[in-house]
Amino acid sequence: MNQEFKDIIRTENLKKIYEDNGVPVEAVRGVDLKIKPGEFTALAGPSGSGKTTLMNLIAGLDKSSQGKVWLKGQEISKMSGSQLTDFRRDNIGFIFQAYNLIPVLTVKENIEYIMLLQGVDKQVRNERICKILNIIGLNEFENRIVTKLSGGQQQRVAIARAMVSQPAIILADEPTANLDSANSSNLLDMMHELNHETGMTFLFSTHDQLVMEKATRLIILKDGKIFDDKRK
Amino acid sequence: MLLFKIALRNVLRQKRRTILTMLTMGGGFVLCAASIGWADGAYGDIIYSFTSNQLGQIQIHSEDYLDNPTIYKTIVDYEKVGKQVDSVEGVKNWTPRIYVGALGMVNQEVSGVQVVGIDPLREDSTTNFNNMVTEGEPLPSLPGYDVLIGKGLAKVIKAELGDSLVLLSQGADGSIANAKYGIMGIVESGEMGGDRMNCYIDIRSAQQLFVLDNQCHEIVITVEDISSVNSVTSSLRSTVKSDKLDIQPWMVFAKSFYEAMRADMNGLWIQLGIIILLVAFGVLNTVLMSVLERQREFGLLKAIGTKPGMIIMQILLEMNLIAIFSVVSGSVVALGLLYWLSNYGISLSTPMTFGGVEIQQMKATINLRSFVIPLITVFATTTVVSIFPAVKAARTDPVKTMRTN
Amino acid sequence: MHKNIIFVVLAFILANIGSLSAEADIDQVIEKIDQLYRSNTSRGEVEMEIITPHWQRTLRMDMWTYKMEKTFIRITSPAREEGFATLRIDDEMWNYLPQTDQVMKIPPSMMMGSWMGSDFTNDDIVRESSLFEDYDYQFTEVENPQPENLYIKLIPHEDAPVVWSEIIMAVGESDYLPVWEKFYGENHELARTMYFRDIETVGGKTIPTEMELIPENEEGQKTVVRYLHIEFNVDIDEDIFSLRNLQSQQ
């Protein structure tokens with residue numbers, strides 16, 4: 001694995017064209033993006049600007065029509081399906097807008113899931129879970145089935161699940177979209193703190209003003225292209 | 001373990017669907033188990049009564065007798081052969097017989113008959129022959145001019161107890177075989193062809209009449225356990241060492257009966273096939289529904305790094321868990337049902353005849369295969385039917401299914 | 001011209017006479033064979049030798065016939081069969097069984113059964129078929145024909161009481177006496193062959209005195225019948241052909 005990289009996320013002339021009812025739609029139209037380790041970046045822009053598509057391409061969930069993606073200096077478009085799955089499992093934490101959790105498992109089990117796939121030691125697992133539950137403030141609910149939690153609580157579990165395996169990158173696709181402002185603020189503060197503590201790289205797609213305010217770098221996407229990119 | 005936990009909880013979460021699926025699978029299991037146990041019981045009974053009545057389970061003849069029986073193809077010195085038969089383990093009894101065609105006459109009524117020379121004592125202990133003597137008396141233990149005739153034959157030649165039966169045939173030396181016998185009993189074997197043809201005399205009288213000293217045409221053998229027929233047959237073949245003798249189990253000498261039974265058994269398999277098909281549809285319905293409504297979940301699982309194989313395993317595990325519940329509960333029900341059917345059975349209002357054997361009551365049997373066959377079939381069906389939806393679930397594209405609305 | 005016409009007419013007439021005489025020939029043959037063993041009455045002594053792979057035995061018997069309708073046979077040896085008798089009147093047949101002193105009428109279903117273990121069936125003993133009445137006949141060809149023989153194919157009328165589908169008969173051209181007869185079964189397969197031998201003049205008739213019957217599907221088996229002595233058209237008490245006489249053990 002190449003550890004000599006300046007940019008933890010890098011894209012080069014990234015393009016995505018997909019067909020919608022037989023009409024070709026150019027969702028991402030040549031994006032060159034460089035994100036340094038530890039950045040807390042918000043990817044904003046109006047609906048249809050290509051935020052989610054870009055996120056999916058970066059995550060390796062979707063295949064680009066043209067261009068390349070490097071994560072941690074590795075070109076993911078060259079990886080096989082199985083390699084990509086393992087890479088994702090070990091290096092990327094996902095937080096989605098909703099449906100983040102495995103509904104039949106408890107809080108603890110959801111958080112544990114990826115570590116189990118990774119084959120992490122039981123002791124290490126328990127230490128990490130204990131720690132992260134403290135951070136998200138859900139220690140008392142560790143054995144509750146996640147479907148019996150509130151939306152805010154569920155998103156906190158999702159953050160815990162995404163971060164517990166200590167990935168280099170957290171990709172969060174509109175994580176606050178279904179939350180009220182108090183909950184959103186709370187959640188963002190928590191992520192910000194974790195970013196400081198762990199140095200994980202956060203990339204949000206969002207149109208939540210609050211997220212944009214808290215971000216240390218704001219990239220505005222418009223019509224599938226970078227319209228504005230500024231560091232605070 | 002995690003997979004098992006997820007699968008089990010998924011199964012328990014959809015209680016209603018799980019119970020409905022269990023009813024389908026368990027119902028199919030019980031039906032299959034009961035059908036097999038029932039059929040095995042009925043066939044066992046049929047085989048037993050068919051073979052115990054007259055045929056025995058194993059027969060010895062002179063070579064080629066079965067294909068083309070003639071008076072000349074005899075077992076010579078059959079007492080000696082009988083002693084060897086007695087020494088074979090698993091043999092219950094044996095009895096010798098002579099068969100010769102003849103003309104039989106009672107009071108000027110003449111008909112073709114089959115003279116069967118039997119050893120009265122051996123015949124009774126081997127085939128319970130005396131139980132078939134429904135009128136009059138069985139043959140005495142000492143040879144004389146006594147004859148028993150089949151019920152159908154008695155009707156044909158208008159014979160009654162006490163009448164004289166004159167037999168005319170030819171001895172093995174070509175001489176005229178002619179003698180007169182007193183009818184002392186009527187035989188009802190339940191086998192209609194035989195009852196219309198047969199008249200039974202002491203084998204020693206028959207040997208004298210047909211000039212067949214110390215010879216017979218057939219040795220009928222019964223075994224201790226009907227399922228050991230084939231092994232007893234092979235030990236008989238190695239014990240009774242004579243290449244001029246032909247030793248065969250009932251499946252060979254009662255070939256048409258055996259084949260009719262097998263054909264009937266095929267009917268059973270078709271019936272089981274239909275049951276399994278119904279179960280398969282039930283399982284397919286369940287697995288399709290549960291896969292379709294959990295597409296987002298599978299999308300998530302894949303996005304966060306779950307391999308497709310694990311998703312396939314998870315779904316197969318879920319369905320097979322339901323199958324385990326179904327088979328366990330189905331086994332309890334099937335066991336109860338078969339226990340009841342094997343003890344009480346069902347009486348037929350009109351007796352059924354199969355291969356000339358009349359069956360008044362049908363009873364099931366409890367055997368291992370009544371459970372093992374449906375068990376394997378239920379699991380196999382469940383797995384086969386679940387594989388396609390499971391693969392489909394494993395191919396879920398997270399981008400499409402996770403797209404927020 | 002006239003001469004020529006007369007010649008043509010003559011030739012035509014001659015040709016027809018020729019064909020007429022040919023037809024008369026086959027009728028004569030058939031009539032001769034029909035009459036061969038037939039007489040008003042006969043009385044004879046017959047030996048029947050039965051050969052099978054399992055045993056061989058010779059029966060001797062006295063035999064009386066009355067026209068075509070009645071036959072009476074009584075076995076004179078060997079001892080075990082002595083006294084066994086068969087009476088047939090028209091198409092009915094009775095056996096007398098001396099060992100049990102019983103008379104047994106042979107049921108129609110048993111007519112194809114063997115008579116006394118021989119290759120002759122009961123039906124052969126009973127049969128009073130007339131070739132004239134029951135068969136269509138014509139000259140035929142056979143494989144390896146002998147110049148001294150005529151060959152005749154007999155096909156039974158549809159309603160004739162006959163079990164054979166066809167009979168091929170070889171007849172001596174000079175004496176019209178049978179040489180052999182081949183009997184064909186239902187499926188036109190050869191069922192048995194009868195050979196006629198030892199032509200002698202007995203009781204005023206010239207007949208083959210030995211007949212050998214060989215069934216087709218029984219290997220090593222045959223029956224030979226020999227006339228040891230025969231008289232034709234002698235006075236016979238008609239009482240011989242009665243059930244009373246059958247049972248009398250004379």
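The values are calculated or read from the model by the stated rules, or taken from the named source; none is laboratory data. The structure presented is a predicted model; accordingly, all values stated were derived computationally and were not measured. Cβ sites come from the backbone with ideal geometry, for glycine too, and all protein chains shown count toward neighbours.
Tabulated data
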quantity: Selection from segment B:170-182 of residues that are buried (at least 22 other Cβ atoms within 10 Å of the Cβ) and either under 23 Å from C:T58 (Cβ atoms) or in contact (Cβ under 8 Å) with a residue 60 or more places away in the chain (or both); calculated: B:A177, B:N178
quantity: Filter pass, B:T70 being more than 14 Å from chain A (Cβ to nearest Cβ), more than 23 Å from B:E224 (Cβ to Cβ) and surrounded by fewer than 18 Cβ atoms within 10 Å (Cβ to Cβ); calculated: yes
quantity: Qualifying position, being among the β-branched types (V, I, T), out of contact with any strand residue (DSSP E or B) (no Cβ under 8 Å at 6 or more places or on another chain), under 28 Å from B:F253 (Cβ atoms) and touching a residue at least 40 places away in the same chain (Cβ under 8 Å), among B:I219, B:I226, B:I149, B:I186; calculated: B:I226
quantity: Only listed residue being in contact with a Leu (Cβ under 6 Å, 6 or more places away or on another chain), modelled with pLDDT of 85 or more and within 14 Å of chain A (Cβ to nearest Cβ), chosen from B:Q295, B:Q314; calculated: B:Q314
quantity: Filter result for the condition that a residue is part of a helix (DSSP H, G or I), at pLDDT below 95, more than 16 Å from B:C216 (Cβ to Cβ) and more than 11 Å from chain C (Cβ to nearest Cβ), over B:K155, B:K92; calculated: B:K155
quantity: Failed criterion for C:I125 (all others in (1) buried (at least 16 other Cβ atoms within 10 Å of the Cβ); (2) within 14 Å of chain B (Cβ to nearest Cβ) hold); calculated: (2)
quantity: Elements of type helices (runs of 4 or more DSSP H) contained in segment B:198-286, each with 2 or more residues being out of contact with any Pro (no Cβ under 8 Å at 6 or more places or on another chain) and hydroxyl-bearing (S, T, Y); calculated: B:229-239
quantity: 3 or more residues touching a strand residue (DSSP E or B) at 6+ places or on another chain (Cβ under 7 Å), surrounded by fewer than 16 Cβ atoms within 10 Å (Cβ to Cβ) and not polar (S, T, N, Q): qualifying strands (runs of 3 or more DSSP E) within segment A:127-232; calculated: A:225-231
quantity: Per-region count, segment A:71-98, residues within 21 Å of A:A42 (Cα to Cα) and free of Cβ contacts under 8 Å to residues at least 60 places away in the same chain; calculated: 1
quantity: Members of segment C:208-250 that are at pLDDT 85 or above and of a type in the set (G, A, S); calculated: C:G220, C:S242
quantity: Test result for A:F87, aromatic (F, W, Y) and touching a Ser or Thr at 6+ places or on another chain (Cβ under 9 Å); calculated: no
quantity: Residue, farthest from the chain's Cα centre (by Cα), within segment A:1-43, restricted to residues that are part of a loop (DSSP other than H, G, I, E, B) and among the hydrophobic types (A, V, I, L, M, F, W, C); calculated: A:M1
quantity: Check on B:M25, in contact with a Lys or Arg (Cβ under 9 Å, 6 or more places away or on another chain), surrounded by 21 or more Cβ atoms within 10 Å (Cβ to Cβ) and of a type in the set (A, V, I, L, M, F, W, C); calculated: no
quantity: Subset of segment A:8-52 (residues that are within 12 Å of chain B (Cβ to nearest Cβ), under 23 Å from A:L210 (Cβ atoms) and either surrounded by fewer than 16 Cβ atoms within 10 Å (Cβ to Cβ) or without any contact (Cβ under 8 Å) to a residue 40 or more places away in the chain (or both)); calculated: A:S47
quantity: Enumeration of residues in segment C:47-67 that are within 11 Å of chain B (Cβ to nearest Cβ) and aromatic (F, W, Y); calculated: C:W55
quantity: Hits in segment A:62-78 (condition: within 13 Å of chain B (Cβ to nearest Cβ) and surrounded by fewer than 23 Cβ atoms within 10 Å (Cβ to Cβ)); calculated: A:D62, A:K63
